[in-house]
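Read the structure below first, then the notes.
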Amino acid sequence: MKYQRCATVLLLALCAFAVQAQSGRRQVKPPPAAPVPTPTPEATPEPKKQTKENELMFSVGADRNSSYGQLPISYYDAVVQGCASRLHAGSSASVDISDRDVSRGEAIKKAKSETKAYTVWLDLQFDSMARSYDDLVLQYIVFAPETAKIVTSGRTYLRGRRAGPIVVDPTGGRTSGLYREELLKRTGEEAGDRIIKALHIDVQIPN
């Protein structure tokens with residue numbers, strides 16, 4: 001019995017020691033998982049602002065003293081305005097107009113001084129068989145910048161019958177001054193149309 005009691009006490013002591021050791025043991029928690037880095041979206045580069053300059057420029061002037069017998073200043077103004085309006089219509093062309101006399105030599109000199117602008121020289125003359133102011137012909141020459149090389153040239157005529165809002169007198173009566181100025185403007189417009197086509201400019205030319 002003595003040995004049995006000793007064995008029981010020893011067994012209880014071992015159990016108590018095991019419980020104490022188990023309660024004193026710390027539970028080691030696994031380290032927290034490292035956060036998955038969220039990919040930062042790359043900044044979209046801002047598109048560069050393109051400075052759009054006028055790639056096409058014209059300088060328009062007329063020889064106002066070349067005609068035999070001085071023509072009214074309004075006639076020269078009409079052809080210059082008509083040509084310039086057509087060059088500018090439907091395109092980004094910048095058009096500079098000279099309201100003074102420009103000889104051919106001055107036009108060539110100006111073209112050589114330009115770096116971008118084409119120089120358009122207009123010369124309003126009487127036709128070789130002219131009988132009146134209704135027989136006027138407009139000569140146009142386009143000089144290239146820097147070189148003053150002739151890019152295109154030609155003639156347009158006042159006496160050509162035209163369709164449009166202007167009604168041509170079917171009786172063939174003499175043309176009034178205002179009516180003639182309108183026809184001269186149309187003559188300048190025709191010159192502008194031909195210049196645009198000669199330079200292969202892809203624009204919408206209004207009717």
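The values are calculated or read from the model by the stated rules, or taken from the named source; none is laboratory data. Since the structure is predicted, the reported quantities are computational estimates derived from the model, not experimental observations. Backbone-built Cβ (ideal geometry, glycine too); neighbour counts: all protein chains shown.
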Item to complete: Could you tell me which residue of the range 43-63 is farthest from residue 120 (Cα to Cα), considering only residues that are at pLDDT below 90, of a type outside the set (S, T, N, Q) and more than 18 Å from the chain's Cα centre (by Cα)?
Response: 43
Response to the item:
The residue from 178, 199, 124 that alone is within 18 Å of residue 88 (Cβ to Cβ) and either at pLDDT below 95 or touching a Phe, Trp or Tyr at 6+ places or on another chain (Cβ under 8 Å) (or both) is 199
Item to complete: Being among the polar types (S, T, N, Q) and either part of a strand (DSSP E or B) or in contact (Cβ under 8 Å) with a residue 40 or more places away in the chain (or both) is the filter here, so list the residues in the range 93-121 that pass it.
Response: 94, 98, 103, 119
Worksheet item: Just one of 95, 120, 79 is touching a His at 6+ places or on another chain (Cβ under 9 Å) and surrounded by 14 or more Cβ atoms within 10 Å (Cβ to Cβ); which is it?
Response: 95
Discussion item. At pLDDT below 95 and more than 22 Å from the chain's Cα centre (by Cα): is that true of residue 188 in this structure?
Written reply: no
Worksheet item: Within the range 77-94, can you find the residues that are in contact with a Leu (Cβ under 8 Å, 6 or more places away or on another chain) and modelled with pLDDT under 95?
Response: 91, 92, 93, 94
